[in-house]
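Structure, as structure tokens:
The values are calculated or read from the model by the stated rules, or taken from the named source; none is laboratory data. In this text the structure is predicted, and so the values were computed from the model without any measurement. Here the Cβ positions follow ideal geometry from the backbone for every residue, glycine too, while neighbour counts run over all protein chains shown. Each accessible area value is taken on the protein alone, full model and side chains, heavy atoms only, with ligands, DNA and RNA left out. Shrake-Rupley method; radii C 1.70, N 1.55, O 1.52, S 1.80 Å.
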Amino acid sequence: MYRDARLGVAELDVIVLVKQVPNTAEVKIDPRTGTLMREGVESIINPDDLHALEAGLRLRESHGGRVTAVSMGPPQAMDALREALGMGADAAVLLTDRAFAGADTLATSYTLGKCIRKLGRFDLVVAGHQAIDGDTAQIGPQVAEYLDVPQVIRATRLEVRDGELHAERTHEDGVEAVRCALPALVTVTREANKPRYPYIPRLMAAFDPNAPIKTWGPKDIGADERLIGLKGSPTQVQKTFTPKLEKKVEKLSGQPAEMARALVGRLKERRLA
Ligand SMILES: Cc1cc2nc3c(=O)[nH]c(=O)nc-3n(C[C@H](O)[C@H](O)[C@H](O)COP(=O)(O)OP(=O)(O)OC[C@H]3O[C@@H](n4cnc5c(N)ncnc54)[C@H](O)[C@@H]3O)c2cc1C
């Protein structure tokens, strides 16, 4: 399965999951489907995914091999993959088709899983821990489940050694070291590294029509149309709205001890103390 370059044999095949997200808090909701309107909204690579890309590129630098970036999204998500090539990814796949639209995390994970299976052998899938729009942190674990491989979530440090993934996770009460056999899936947080900037000549080459970016639809990955997009989504967004933030200000007066007692009273009323 895993063979180390320094031993003069084949390298690591790393797949990085990259999501394009709206670069704004001012998201618009499609009143018909209750899902985000992504077309025409300025977009960026999901911040955690820049760290996932950086982690994949560093593994390739120490072991040799290939980094393939995969994204499911509207046609404009091509820009996120071009940026990934600009950073140093070797190839990319854009999963785009109206049939993929409105997918919840189950349908998204199925689609990404089918694509990874179609790409063939892999040693490691690297994803961001969380997307700033859906915010569920469900995709990494669900893709690992679909691929039936071990998963390490929220890694802050990772390396491949002796055929295994070695990673650290930071918790409130300390750092946990974990390891598992390859192939595996790992999600990374922003503490993991400092992403490099795209290298201009590589970024420009990514706009070349011959750039190594494939565009696949449901048929290309052999997807069951009942399991993708809105059709394949048991979770339907009933209603999405921006909650109105109401600020009520109350000024306490009197002696400090009196005010402190009154404050504790207010907090208790609101079950905050
Ligand atoms: C406001 C809002 C609320 C939502 N709530 C739910 C919900 O409660 N349940 C539900 O099932 N769906 C929900 N969705 C839909 C969900 O966002 C999509 O299914 C989405 O594709 C994946 O979930 P996520 O954004 O939470 O990603 P996370 O699980 O937070 O993403 C983790 C990582 O997975 C990878 N990844 C995620 N999406 C993609 C992609 N499209 N292409 C490539 N890599 C990807 C990235 O590496 C990312 O960092 C919601 C969407 C929105 C906008």
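Note on the chain: with a GNM built from Cα contacts shorter than 10 Å, the maximum mean-square fluctuation among Q76, Q151, Q20 falls on Q76.
Ellipticity at 222 nm from helices only: DSSP H runs of n ≥ 4 in the chain, each -39500 (n - 2.57), divided by the residue count, give -8000 deg cm²/dmol.
Relative contact order of the chain, taken over Cα pairs closer than 8 Å and 6 or more residues apart, is 23 percent. In this view, the solvent-accessible surface of E61, computed with a 1.4 Å probe and all protein chains in place, comes to about 110 Å².
The equivalent ellipsoid that matches the C-alpha gyration tensor of the chain spans semi-axes of 38, 25, 18 angstrom, in descending order.
Rolling a 1.4 Å probe across the protein heavy atoms gives the chain an accessible surface of 57 Å² per residue. Largest to smallest in accessible area, the residues K19, K251 fall in the order K251, K19 (1.4 Å probe, all protein chains included).
Protection proxy ranking, highest mean first, for peptides 222-232, 119-129: 119-129, 222-232, where packing is the per-residue count of other beta-carbon atoms within 10 Å, averaged.
How about segment 165-273: which chymotrypsin sites (Phe, Trp or Tyr not before Pro) there lie in a loop by DSSP and see at most 15 other Cβ atoms within 10 Å? The partial results should precede the final answer.
Numbers: sites: Y199, F207, W216, F241; in loops: Y199, F207, F241.
Within segment 165-273, the qualifying chymotrypsin sites (Phe, Trp or Tyr not before Pro) (loop, at most 15 other Cβ atoms within 10 Å) are Y199, F207, F241.
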